[in-house]
Amino acid sequence: MSLALPGELREGYRRFRQTRYQAERERYRRLEAEGQRPATIVIACSDSRSGPETIFDALPGELFVVRNVGALVPVYAPDTRSHAASSALEYAVLALQVRSIVVMGHGRCGGVAAALERKAPLTSTDFIGTWIAGLRDLADELDPGEWADPERGRRTLELRSVEQSVVNLRTFPWIRSREAAGTLHLAGAWFDIGLGELKELGDEGWRAVP
Ligand SMILES: [Zn+2]
């Protein structure tokens, strides 16, 4: 059984080598020699339409990215289990000393939609069901009025999820202390796929990024 790359990826790689790599060759070589020094870690959804490097027009070396279903940040849990998002945060904050952490959700999120599909509960052996359990808890806390319009309900939960992930970031002692000292900035964002527009979490709620 072949383990070769799919054809469309091979073609994309050829385009990368011929165009972007040629244009950014010196940058890649410098990054290899000097190491990465990204200023920001972005926690984004695995959704193929919400790539942070694309949305923030970032160059190689600029963003440290962790992606998972729903763009979720778990609470600080120093146990012996494997924690993908937490280990990425630890490396970015303690080793790379990033200056910002951005949690970015997006519209039409499948992870959020799954949390709302109460009629067909996921089994206990289902990875997604376990992963998005926190989203279901958030959905339970929302005002029932939000659900009069399912579209609005989903949007509300997408935004609430980002807010909760920012709260969860502050359960990490080395994030909380750096934010208090003013050396680490936390931010929340939400991307509208169809419009290509970004909202950010301001002091008085969500607002459009100009
Ligand atoms: Zn998503």
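Read-outs throughout are calculated quantities, based only on the coordinates presented, and are distinct from any laboratory measurement. Source: prediction; values computed, not measured. Note: ideal-geometry Cβ built from the backbone for every residue, glycine included; neighbour counts use all protein chains shown.
Kindly work out what percent of the DSSP beta bridges joining two residues of region 36-208 are antiparallel, to the nearest 5.
If I count the DSSP bridges inside region 36-208, around 30 percent turn out antiparallel.
When the C-alpha atoms of region 1-46 are aligned to their principal axes, what extent does each axis show, in angstrom, from largest down?
40, 30, 18 Å, listed from the longest principal axis down.
On a C-alpha basis, how far is the centre of region 69-98 from the centre of region 1-44 in Å? Whole number, if you could?
24
What are the residues whose amide H is under 5 Å from the amide H of HIS185, where those residues sit 5 or more places off or on another chain and H is modelled from the backbone?
SER100, ILE101
Which value, in Å to one decimal place, does the Kirkwood hydrodynamic radius take for the chain when every pair of different Cα atoms is included?
18.9
Quick check on the exposure proxy: order PHE56, PHE191 from fewest to most C-beta atoms within 10 angstrom.
Fewest to most other Cβ atoms nearby, the residues stand as PHE56, PHE191.
VAL65's amide H: which non-local residues (gap 5+, or another chain) put their own amide H closer than 5 Å, with H modeled 1.01 Å from N in plane and none for Pro or chain starts?
Here VAL42 satisfy the definition.
Which value, in debye to the nearest 20, describes the size of the charge dipole of the chain about its Cα centre when Lys and Arg Cβ atoms bear +1, Asp and Glu Cβ atoms bear -1, and nothing else is charged?
That gives the chain a dipole magnitude of about 760 debye.
Whose amide H sits under 5 Å from the amide H of HIS106, counting only residues 5 or more places off or on another chain, with H placed in the peptide plane?
Excluding prolines and chain starts, which carry no amide H, the hits are PHE191.
Taking the dipole about the Cα centre of the chain, with the C-beta of Lys and Arg at +1 and of Asp and Glu at -1, give me whichever of PRO144, TYR91, PRO74 is farthest to the positive side.
Positive-most Cα among the choices belongs to TYR91.
By count of other Cβ within 10 Å, fewest leading, how are LEU5, LEU157 ordered?
In increasing order of surrounding Cβ atoms, one gets LEU5, LEU157.
Counting only GluC sites (Glu not before Pro) that sit in a DSSP loop (anything but H, G, I, E, B) with at most 12 other Cβ atoms within 10 Å, what is the longest stretch of the chain containing none of them?
The longest uninterrupted stretch comes out as 1-116.
When only DSSP loop residues count, what trypsin sites (Lys or Arg not before Pro) in region 22-102 have their Cβ near at most 10 other Cβ atoms within 10 Å?
ARG81
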